[in-house]
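A quick write-up on the structure given underneath.
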Amino acid sequence: MAASPTYAEIKARLLDRRAQLTRQMQIIERDLDKPAPRDVEDAATERQGDEVMEALGVHDAQEVRAIDAALARIETGDYGICQKCGEAISVARLQAVPTASLCRNCAR
């Protein structure tokens with residue numbers, strides 16, 4: 001499927017979101033690499049924060065993978081085609097969920 005202006009806009013949004021997530025993951029990685037405080041109570045509190053940061057990093061990495069897959073589909077011309085049934089994914093769905101690889105019916 002040829003890239004329409006709508007797909008070009010979606011691609012730009014995907015690239016912007018990918019850059020944002022990459023920056024967030026770098027910040028998380030830098031924060032997790034900081035040495036732990038010597039105080040036991042502070043270290044325990046910091047560890048809890050680290051666990052939250054790690055979970056956010058995992059979520060961000062998953063989203064980056066989904067974005068990369070969507071960008072690859074755009075490049076190959078498969079973007080907007082359901083990977084399960086082969087039908088077109090509505091533009092409204094792609095605008096709402098730009099990483100969607102399944103049409104609304106198959107996603108249920």
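Just so you know, all these numbers are worked out from the coordinates, no wet-lab data involved. For clarity, every value in this text was computed on a predicted model and none was experimentally measured. All Cβ positions, even for glycine, are placed from backbone atoms using ideal geometry, and neighbour counts span all protein chains on display.
Quick notes on this structure:
- Tilt relative to the chain, helix 5-32 - C-alpha long axis, 0 to 90 degrees, to 10: 10 degrees
- With K and R counted +1 and D and E -1, the other residues having a Cβ less than 15 Å from that of residue 105 yield a net charge of +3.
- Compared with the dominant principal axis of the Cα atoms in the chain, helix 40-76 is inclined by about 20°.
- Net charge contributed by nearby residues that have their C-beta within less than 14 Å of residue 87 (K/R +1, D/E -1): +3
- 5 Å-binned pair-distance histogram of the chain (Cα, whole percent): 2, 12, 18, 17, 13, 10, 8, 7, 6, 4, 3, 1
- Estimated from helices alone, the mean residue ellipticity of the chain at 222 nm is -23500 deg cm²/dmol (sum of -39500 (n - 2.57) over DSSP H runs with n ≥ 4, per residue).
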